[in-house]
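Student: Structure provided below as structure tokens; questions to follow.
Each reported figure results from applying straightforward, stated rules to the coordinates on display, with no laboratory input. Please read all numbers here as calculations on a predicted model, not as lab measurements.
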Amino acid sequence: MTGMIGHAGMVLAAATTVFGNVAALGAGLAAIGAGIGIGQIGGKAVEAIARQPEAISKIQTNMIIAAALVEGVALFAVVVALL
């Protein structure tokens, strides 16, 4: 009987390790995606400011709001991946 319980514990530990690895991979992908998204937002904002310097305040405000939304979604994805 103890052999069976010991084997089940080892299988559970292995499954937990695999799940932990997949969760870490998901969290990393979420962080990379957020980095790419925020980089795109910043790059496009700089291009827009170069084209219309008089609209800098509107562009900057929209850029900060968009970056905050992307960061919020990325944080949510990391939390979900690690649960």
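Student: From the P(r) of the range 29-68, could you give the percentage of C-alpha pairs in the tail past 13 Å?
Tutor: Result: 51 percent of Cα pairs exceed 13 Å.
Student: What length, rounded to one decimal in nm, is gained on full extension from V73 through to K44, with 0.36 nm per residue of separation minus their alpha-carbon distance?
Tutor: Here the segment from V73 to K44 would lengthen by 8.5 nm.
Student: Still on this structure: Once a ≥ b ≥ c are taken as the square roots of the eigenvalues of the Cα gyration tensor of the range 14-83, is the result rounded (a/c under 1.5), prolate (a/b larger than b/c) or oblate (a/b not larger than b/c)?
Tutor: Prolate, since a/c reaches 1.5 and a/b exceeds b/c.
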